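Asks: Please find one structure pasted underneath; my questions will follow.
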Amino acid sequence: MALLNEDRLFPAEEKVRTIARRLYAEIRNLPIVSPHGHTQAEWFARNEPFPDPVALFVQPDHYVFRMLYSQGVSLEDLEIGRTQIAEPRKVWRTFASHYHLFRGTPTRLWLDFAFQELFGLDERLSTSTADHYYETIERGLATAEFLPRALYDRFRIEVLATTDSPLDSLANHAAIRDSGWAGRIVPAFRPDPVVDPSLPDFRKNVQALGEIAGEDTATWPGYLSALAARRQFFKTLGAVSTDHGHPTAQTADLSEAEAARLFELVVAGTADAAQEELFRAQMLTEMARMSLDDGLVMQIHPGSARNHNQQIFARYGSNMGSDIPAPINFVEALRPLLARFGNEPRLTIILFTLDESTYSRELAPLAGHYPCLRLGPPWWFHDSPEGMKRFHAQVLETGGFYNTVGFNDDTRALLSIPARHDVARRMDAGFLARLVAGQRIDEDEAVELARELTYGLVKKAYRL
Amino acid sequence: MALLNEDRLFPAEEKVRTIARRLYAEIRNLPIVSPHGHTQAEWFARNEPFPDPVALFVQPDHYVFRMLYSQGVSLEDLEIGRTQIAEPRKVWRTFASHYHLFRGTPTRLWLDFAFQELFGLDERLSTSTADHYYETIERGLATAEFLPRALYDRFRIEVLATTDSPLDSLANHAAIRDSGWAGRIVPAFRPDPVVDPSLPDFRKNVQALGEIAGEDTATWPGYLSALAARRQFFKTLGAVSTDHGHPTAQTADLSEAEAARLFELVVAGTADAAQEELFRAQMLTEMARMSLDDGLVMQIHPGSARNHNQQIFARYGSNMGSDIPAPINFVEALRPLLARFGNEPRLTIILFTLDESTYSRELAPLAGHYPCLRLGPPWWFHDSPEGMKRFHAQVLETGGFYNTVGFNDDTRALLSIPARHDVARRMDAGFLARLVAGQRIDEDEAVELARELTYGLVKKAYRL
Amino acid sequence: MALLNEDRLFPAEEKVRTIARRLYAEIRNLPIVSPHGHTQAEWFARNEPFPDPVALFVQPDHYVFRMLYSQGVSLEDLEIGRTQIAEPRKVWRTFASHYHLFRGTPTRLWLDFAFQELFGLDERLSTSTADHYYETIERGLATAEFLPRALYDRFRIEVLATTDSPLDSLANHAAIRDSGWAGRIVPAFRPDPVVDPSLPDFRKNVQALGEIAGEDTATWPGYLSALAARRQFFKTLGAVSTDHGHPTAQTADLSEAEAARLFELVVAGTADAAQEELFRAQMLTEMARMSLDDGLVMQIHPGSARNHNQQIFARYGSNMGSDIPAPINFVEALRPLLARFGNEPRLTIILFTLDESTYSRELAPLAGHYPCLRLGPPWWFHDSPEGMKRFHAQVLETGGFYNTVGFNDDTRALLSIPARHDVARRMDAGFLARLVAGQRIDEDEAVELARELTYGLVKKAYRL
């Protein structure tokens, strides 16, 4: 028995499946390039074993515990948010007894991949196999081959990006570099904490930014210089990109005087919600300008209503599975930035969306015209077989393959990295096989595109 | 010759179709649980024969006459809105001569099912078969096996919900109970007439509510008590749910004083449109509070712009095929209610949408997190093979199967009930077969899910 | 070797493909009816050879050069906007070396069709075949069979509509008529230049309209009379339709006095943006009223944010590939017009959208009810295999086949006409084959529908 079938996720028609198999064989073992994600540099700096199955599979994975929570399992019972898990085996059993909830979800695909490929488990997780799973995983984690650096090598990762605040010292990244280990763990510059005035700690963060950069961030020029300096610092540790998680995609192009006045308001804490939005908007354009200077690729991830569940936020904080997408408009929102820098081929801006109605209406037409724009892969809730199918069907005819950037795993769960890339490679192979079967492209083109989607486009777009 | 093929609606690939057949065989004959619809309790209370083919198939079915109307057939010629049909055979011939208009629509599937399965007709309806159809149906309707209660039994219905105003005496439901017949016809509490101040009769209805409940509905507390009392009364006749057909999904959570002041305005008829919307919003939250008290499951059906065609409304009234969906947002609209009650696992709120762009963007992420939320099946215009495919593809990966509630037939046409459930069962079987063929779930899991989608989830969600 | 496979675009399952082949055989050679497009009457009036491959395939086709531009090829290097191309072979080589960018796009399908079917080319366009292509095409263009009228006949075109300003003298259409050539090239009345006050030349255009029509267009009645007169004039040269490319679908139904006052403002140049929008809205209703008088079919093409790229617009003008769709709402926007004329079966209004989220939510429900409404085919960015699949899946179950109007090629590129119609015929055949394979319709019905989609519906809807 096995959890995974060799032909999983391929199209059902034998003729198409046969082509998909051939295409997949061409890309299956290509290195993993992971330019966007949320793993921890500390894991690789310290290279210590993960403590137990719950700390590995349940606690850090909001995909997992949000589904359990939606079906009445309390976060207390899952010991979410605890630094030390009191009864990991009990939590594991709760998880196992609810494993049927994940039927048909990508989480199931990712977990089964890790269970079988990494731990050799081949019977489905359930109440009756819970203890066997727990013990097998626990035993594995105690071995050298499950240390973070060993996993990095085993997964054939070529480069792995983390996501980091401008206030982060990047000490772990420096430690990795200094350790002599060959793994390439690079930071990504995520300035949200110092550019979003609606965050509670914004003013404190701006002050800290000044201290860390040796600039007077009470003034607009000093603030901008501090940001530019931190970007430079990130580059010294390998950063190739910035990342922007704004509520909307709004951009602005204020005069320097207007921007300086606005900065005064937000840094004084007297800006209203509209002014805060305008400030974030202006900062996207400032970041684009800096990218033209320093070459960092810009990623915009807008449209998530963060911490929708106020009780959960009050009790557990952020990233607890209660961020919910909202409708978004790119066409008007990006106008100011694009009017200023849209025709610069030296600039790369990668757009992501949680609102799939923008795929064919806005994103594909925008990316199929503006030289600076590229489209990120299906993101978050849409990083799934059906989500990828919609992306393929709705984006590529107008945007073209070459205005996309391959796959991002975007994960917090280290063990899900090869599983997620494998799903993407299989879905790409299946989609391309369908184009070949329908005689829309030739098979030699499909092979070339499969390699581009897996390896070429991501390296080029992220300048890796 | 036959109207129906044994393999209809199954996927075309032989490998997938074979799995679909096996799954369908497991659920084909399960009882029908129909927790939401618009059939009439009076039919079962009186148990009298339906008068003629037109009164059965054309007059009550806005799916049918809206399509004829869109192609230039006048409602006069169809004798819509007449209590006594003058020339039923002439209307039937008009319908028959336009039957090609329904090609590719679910209406065609439902009608052909009834024609063949209930009346044994096996040649397509057309001008040349119109009279044969008319006479065959007329002959059938005169027999005992076409009496409402006989149809209920023949359809293997286990429970059938109607939809009723708080002002309804439920005399027909009581008569059914007192008749000793074993059929389970339960009311659903639809308070729109007494909670939507934009309706012309709202103030009259609120007054009538007071009289029927023995409460002073001129005051906010009296009004709330009257509603609670009517809910209790509905429960004594088997009600398990409420239903809310608001223009939007907006909710509110006002202080008691604010709510009381707002109630004064609406009951005085001096509220403006925004205040009317706020009142409806507040009432959803009040209904959720009452549901926590009395256990009634809450259904929210928002987003229909009712009576879009003003001339048709003026002449024929409501439910005449001119309700048109509008864009809707759940994420912000539900925030106040969810902030108050969203984490209550004892509460069940079932959401429906006519705006499919909310499936993957809003509804699946919300239902995959909040313990009180469940997703209703594809509704109204989307209760169709392709509509179901979109629901499957866009909801289940993020929301999970277990946050859905099986099928609702939502019909006004008694004879369409088995047809509609059969379409849903076939589409479920086909979708699950595709997951099995793609090795995303195992076949034993698919069998379990097929049974859940047909029978288990609806019983659990509606507490039946 | 060949660029085109006989089975291209058909479904992959052998059973479905076999049905698709049969259906396609029924429609493959039906005449082309092209009721909406942007070819030039002048070509057919003068009947002169096209100058060179670049002027034919690259320069006029924004689908082509927008994709090249998005990947960093400058419009200068493509000599876009030049009346005389200086180095056509160099431009062609640039195009050829980027031909891989079109993989998976409809542009590739259209170009390959023209390359093989018209020029006999059978090896893929690339750097190495660029010169061979150039010379083959150049040689072809010099022959009589590539003159515009010869192509019209060779394509089996039955009628071809251009799109024309009310200010156009239609001299080319008259010249064609007077030439004795049997080809039917008809104008379509596109009044945007004289009804959209936001256009820079609006006031000048209104004045010119008065001069050309011999009316005093400084007054509201004179302006309306001038429009009615031009419509009549267009009809004398074969026009059957009007076309309206408004930013939104907004309509209005002002009193005559209100409309006259609003006209005064816009013609004085003192209207603000909201008044300009209201004027466009009112003009849609005025046009509907005139259509009831003169029988012209009305086409509404809303929802494109024109000239989004301001630098490109400033340098190259309109239709340069930087029009980007925007979200749109039909349900509220069309209410005023439909309240006035929606129940007139003598009126035909054909709706197009770039916002696919309106297909199932708004357009199909509207068209499945209002007798005056019909739905145009997938438009512009959605005129593609996947775009057609979405239209089929999202529109037809609710709107029905008979509320659609067959295919529009909407092209500026003469040689793409047969290619585009061929794609539509293949996709229709594939979709209908799928309905037959799923036993949702019988094959004799599919044959009838295939013929309707290809020929019958367009003739009827456009009154051709």
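Asks: Residue check, residue B:373 against (1) over 17 Å from the mean Cα position of the chain (by Cα); (2) within 7 Å of another protein chain (Cβ to nearest Cβ); (3) surrounded by 20 or more Cβ atoms within 10 Å (Cβ to Cβ), all met but one. Which one?
Replies: Status for residue B:373: all satisfied but (2).
Asks: Any residue at all in region A:3-14 that is in a helix (DSSP H, G or I), free of Cβ contacts under 8 Å to residues at least 12 places away in the same chain and within 14 Å of chain B (Cβ to nearest Cβ)?
Replies: Scanning region A:3-14, I find at least one residue that is in a helix (DSSP H, G or I), free of Cβ contacts under 8 Å to residues at least 12 places away in the same chain and within 14 Å of chain B (Cβ to nearest Cβ), so the answer is yes.
Asks: Can I ask one more? Is it fair to say residue A:409 is surrounded by fewer than 24 Cβ atoms within 10 Å (Cβ to Cβ), of a type in the set (Asp, Glu), out of contact with any Leu (no Cβ under 7 Å at 6 or more places or on another chain) and in the same structural domain as residue A:331 (by TED's automatic domain parsing)?
Replies: Considered against the rule, which asks whether it is surrounded by fewer than 24 Cβ atoms within 10 Å (Cβ to Cβ), of a type in the set (Asp, Glu), out of contact with any Leu (no Cβ under 7 Å at 6 or more places or on another chain) and in the same structural domain as residue A:331 (by TED's automatic domain parsing), residue A:409 comes out as no.
Asks: Name the single residue, out of those in region C:87-130 being within 16 Å of residue C:411 (Cβ to Cβ) and β-branched (Val, Ile, Thr), that is nearest to the chain's Cα centre (by Cα).
Replies: C:107
Asks: Can you name the residue in region B:319-370 that is under 12 Å from residue B:302 (Cβ atoms) and polar (S, T, N, Q) and is also nearest to the other protein chains (Cβ to nearest Cβ) among such residues?
Replies: Restricting to residues being under 12 Å from residue B:302 (Cβ atoms) and polar (S, T, N, Q), the top hit is B:329.
Asks: Considering only residues that are part of a loop (DSSP other than H, G, I, E, B) and surrounded by fewer than 23 Cβ atoms within 10 Å (Cβ to Cβ), which ones fall in region B:171-189?
Replies: B:180, B:181, B:182, B:183, B:184
One line per residue, one yes/no per condition, for (1) surrounded by fewer than 20 Cβ atoms within 10 Å (Cβ to Cβ); (2) in contact with a Leu (Cβ under 9 Å, 6 or more places away or on another chain); (3) in the same structural domain as residue A:321 (by TED's automatic domain parsing):
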site: A:58; (1), (2), (3): no, yes, no
site: A:71; (1), (2), (3): yes, yes, no
site: A:82; (1), (2), (3): yes, no, no
site: A:102; (1), (2), (3): no, yes, no
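Asks: Specify which of the listed residues (B:151, B:125, B:160, B:121) is part of a loop (DSSP other than H, G, I, E, B), hydrophobic (A, V, I, L, M, F, W, C), more than 30 Å from residue C:430 (Cβ to Cβ) and at pLDDT 95 or above.
Replies: Sole residue among the options that is part of a loop (DSSP other than H, G, I, E, B), hydrophobic (A, V, I, L, M, F, W, C), more than 30 Å from residue C:430 (Cβ to Cβ) and at pLDDT 95 or above: B:121.
Asks: I would also like to ask the following. Could you check, for region A:178-198, whether at least one of its residues is free of Cβ contacts under 8 Å to residues at least 24 places away in the same chain and of a type in the set (Ser, Thr, Tyr)?
Replies: No, region A:178-198 contains no residue that is free of Cβ contacts under 8 Å to residues at least 24 places away in the same chain and of a type in the set (Ser, Thr, Tyr).
Asks: Out of A:422, A:410, I need the residue that is more than 14 Å from chain C (Cβ to nearest Cβ), not in a helix (DSSP H, G or I) and not β-branched (Val, Ile, Thr). Which one?
Replies: Checking each option against the conditions leaves just A:410.
Asks: Continuing with the same structure: Checking residue C:366 against (1) of a type in the set (A, V, I, L, M); (2) within 22 Å of residue C:34 (Cα to Cα); (3) over 20 Å from the mean Cα position of the chain (by Cα), which test does it fail?
Replies: (2)
Asks: Moving on to the next point. Taking region C:40-84, which residues are farther than 13 Å from residue C:321 by Cα, at pLDDT below 95 and among the polar types (S, T, N, Q)?
Replies: C:83, C:84 - these are the residues of region C:40-84 that are farther than 13 Å from residue C:321 by Cα, at pLDDT below 95 and among the polar types (S, T, N, Q).
Asks: Here is a check on your reading of the model: is residue B:442 over 21 Å from the mean Cα position of the chain (by Cα), within 25 Å of residue A:427 (Cβ to Cβ) and assigned by TED's automatic domain parsing to the domain that holds residue B:290?
Replies: So residue B:442 fits the description; yes.
Asks: Filter region A:307-331 down to the residues that are among the aromatic types (Phe, Trp, Tyr) and in contact (Cβ under 8 Å) with a residue 40 or more places away in the chain, then identify the one that is surrounded by the fewest Cβ atoms within 10 Å (Cβ to Cβ).
Replies: Ranking the candidates gives A:316 first.
Asks: Continuing with the same structure: Just to check your reading of the model, which residue among C:64, C:33 is surrounded by 21 or more Cβ atoms within 10 Å (Cβ to Cβ), of a type in the set (Val, Ile, Thr) and touching a strand residue (DSSP E or B) at 6+ places or on another chain (Cβ under 7 Å)?
Replies: None of the others qualify; the one that does is C:33.
Asks: Oh, and also: Residue A:78: assigned to a loop (DSSP other than H, G, I, E, B) and touching a residue at least 60 places away in the same chain (Cβ under 8 Å), yes or no?
Replies: Criteria not met by residue A:78.
Asks: Identify the residue in region A:88-147 that is aliphatic (A, V, I, L, M) and within 21 Å of residue B:444 (Cβ to Cβ) and, among all such residues, is farthest from the other protein chains (Cβ to nearest Cβ).
Replies: Here the residue is A:130.
Asks: Still on this model: Keeping to region C:306-318, report how many residues are part of a loop (DSSP other than H, G, I, E, B) and facing chain A (nearest Cβ under 8 Å).
Replies: The total comes to 2.
Asks: Of (1) part of a strand (DSSP E or B); (2) more than 29 Å from residue A:174 (Cβ to Cβ), residue A:33 satisfies all except one. Which?
Replies: Answer for residue A:33: the failing condition is (2).
Residues are listed down the side, and each one gets a yes or a no for (1) surrounded by fewer than 18 Cβ atoms within 10 Å (Cβ to Cβ); (2) touching a residue at least 12 places away in the same chain (Cβ under 8 Å); (3) outside any loop (DSSP other than H, G, I, E, B); (4) in the same structural domain as residue A:353 (by TED's automatic domain parsing):
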site: A:207; (1), (2), (3), (4): yes, no, yes, yes
site: A:216; (1), (2), (3), (4): yes, no, no, yes
site: A:227; (1), (2), (3), (4): no, yes, yes, yes
site: A:232; (1), (2), (3), (4): yes, yes, yes, yes
site: A:235; (1), (2), (3), (4): yes, yes, yes, yes
site: A:243; (1), (2), (3), (4): no, yes, yes, yes
site: A:246; (1), (2), (3), (4): no, yes, no, yes
site: A:251; (1), (2), (3), (4): no, yes, no, yes
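Asks: Out of C:378, C:371, C:365, report the one residue that is in a helix (DSSP H, G or I), of a type outside the set (Phe, Trp, Tyr) and outside the structural domain of residue C:108 (by TED's automatic domain parsing).
Replies: From the options C:378, C:371, C:365, the qualifying one is C:365.
Every residue, every condition in (1) within 9 Å of chain C (Cβ to nearest Cβ); (2) closer than 28 Å to residue A:294 by Cα; (3) modelled with pLDDT of 95 or more, yes or no:
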| residue | (1), (2), (3) |
| --- | --- |
| A:401 | yes, yes, yes |
| A:414 | no, no, no |
| A:426 | no, no, yes |
| A:432 | yes, no, yes |
| A:451 | no, no, yes |
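Asks: Given the conditions (1) in contact (Cβ under 8 Å) with a residue 60 or more places away in the chain; (2) over 30 Å from residue A:433 (Cβ atoms), which single one is not true for residue C:57?
Replies: It fails just one condition, (2).
The values are calculated or read from the model by the stated rules, or taken from the named source; none is laboratory data. Only a predicted model underlies this, so the values are computations on that prediction, with no experimental measurement involved. Quick reminder, even Gly has a Cβ in these numbers, built from the backbone with ideal geometry, and neighbours come from all protein chains shown.
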